[in-house]
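Bear in mind that the values in this text are calculations on the coordinates, not laboratory data. Not measured: the values here are computed from a predicted model. Here the Cβ positions follow ideal geometry from the backbone for every residue, glycine too, while neighbour counts run over all protein chains shown.
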Amino acid sequence: MGYTKGIDGTSSTIGQVLETNLQVNSVSRNAFRIMKQSSAMNKLSTLKITKKMASGTEDEVCIEKDNLKISFENLAGLGNGLKTTTHRLADALMIKFTELGSKEQIVTLSLDEYMRLCELKNTTEMRKQVNSDLKTLLNMRVSFQKSSNREQSMQDIRLCTNVKIKNNIIFFTFSDEFFIIMKTMPVMPYPEKLFRINLKKNPNSYYFLKKISEHKKMNYFKKNADTLSVKTLLSCTPELPSYDEVVNTDRAVGRRIIEPFERDMNELSDILRWEYCHSNGTKLSDDELVNFNYHIFYGLLIKIKWREYPKLERKKNKVSKSK
């Protein structure tokens with residue numbers, strides 16, 4: 001703790017990409033896929049509900065974050081919980097949906113392909129996990145209040161109406177409402193690295209990289225495309241305790257927040273480099289490095305340098321012809 005991370009290394013593009021028809025070339029282990037993106041689903045992927053968190057609930061299980069609410073009719077519908085594996089499976093299904101042109105309401109994904117993506121070999125455990133995550137997705141209802149015209153509100157809609165695994169194929173049927181919304185949404189480059197993260201060893205890395213990827217796509221043509229705050233990254237992961245929670249217990253802020261943060265950002269080193277900085281891009285002073293603490297940490301920005309990232313092009317505006 002108390003040092004900056006280097007971001008030396010070169011950055012290159014891996015394909016010419018149109019905003020309206022995103023296509024990304026795969027390059028070794030830094031491959032990108034494409035996935036439909038929406039504000040509601042982006043925020044949904046920052047939430048976590050475990051059986052323990054929902055224990056004692058007799059009727060509806062729900063969790064709210066800002067303008068998003070997700071609910072389950074009862075505890076049984078939660079499966080083993082809304083977890084990182086649930087978000088990862090939803091990503092894989094959305095990638096399939098996107099890459100097939102967003103035209104089919106029923107999405108299929110072979111269990112073998114999913115296991116290869118996640119670099120897992122235990123078929124029995126994977127099938128058990130997927131069944132649990134499918135149960136969670138099937139019983140989930142989502143409400144989302146849009147904050148801009150670029151978004152779409154959701155009013156207590158289901159994501160899917162039917163799920164199953166048959167002959168080692170995952171079947172996922174979009175609900176009518178969710179299908180209509182998602183087929184009109186823009187696409188984002190999705191790093192395959194998100195599937196390869198060891199979720200036990202680096203529980204925050206999935207959330208960090210997902211947020212960094214969303215931020216990059218949404219701000220690609222802006223100066224802040226590769227800069228986001230520590231505060232933003234802390235808010236996107238449900239795996240770190242809050243500052244108040246730590247201060248009110250063992251006060252080990254460095255060990256329980258800062259060190260896991262840096263460890264799980266470093267786990268992304270094969271796809272990006274990062275360092276702390278201030279709003280004007282300046283590095284930390286010697287005094288800040290020597291006296292590095294949570295209050296300095298919380299007010300910092302993170303500067304990202306991708307090792308490789310797809311080149312995007314601006315969407316061409318249609319010019320109306322006047323007689």
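With K and R counted +1 and D and E -1, the other residues having a Cβ less than 14 Å from that of MET182 yield a net charge of -1. Entry note, the range 38-185: relative contact order of 24 percent, from Cα contacts under 8 Å with a spacing of 6+ residues.
Taking only alpha carbon atoms, the range 49-206 gives an Rg to Rh ratio of 0.95, where Rh is the Kirkwood radius. Sorting 221-231, 165-175 by their mean Cβ neighbour count within 10 Å, with the most densely packed peptide first, gives 165-175, 221-231.
All other residues whose Cβ lies under 15 angstrom from that of ARG256 are scored, Lys and Arg at +1 and Asp and Glu at -1, for a net of -4.
Computed 3J(HN,Hα) for the range 215-229, one whole-Hz value per residue from the Karplus formula 6.51 cos²θ - 1.76 cosθ + 1.60 where θ = phi - 60°, is 5, 4, 5, 5, 10, 3, 9, 10, 5, 8, 4, 10, 9, 8, 7, glycine and proline marked x. Using every pair of distinct Cα positions in the range 229-323, the Kirkwood expression returns a hydrodynamic radius of 16.1 angstrom.
Taken one residue at a time, the phi angles of the range 195-211 give Karplus couplings (6.51, -1.76, 1.60, θ = phi - 60°) of 7, 8, 5, 6, 5, 7, 6, 10, x, 8, 4, 4, 5, 4, 5, 4, 5 Hz. Gly and Pro are set to x.
Over the range 174-305, all Cα pairs binned in 5 Å intervals from 0 give whole-percent P(r) values of 2, 9, 17, 20, 18, 14, 9, 5, 3, 1, 1, 0, listed from short to long.
For the chain, the calculated P(r) over all alpha carbon pairs, in 10 Å bins from 0 to the bin holding the longest distance, is 5, 24, 33, 25, 10, 2, 0, 0 percent.
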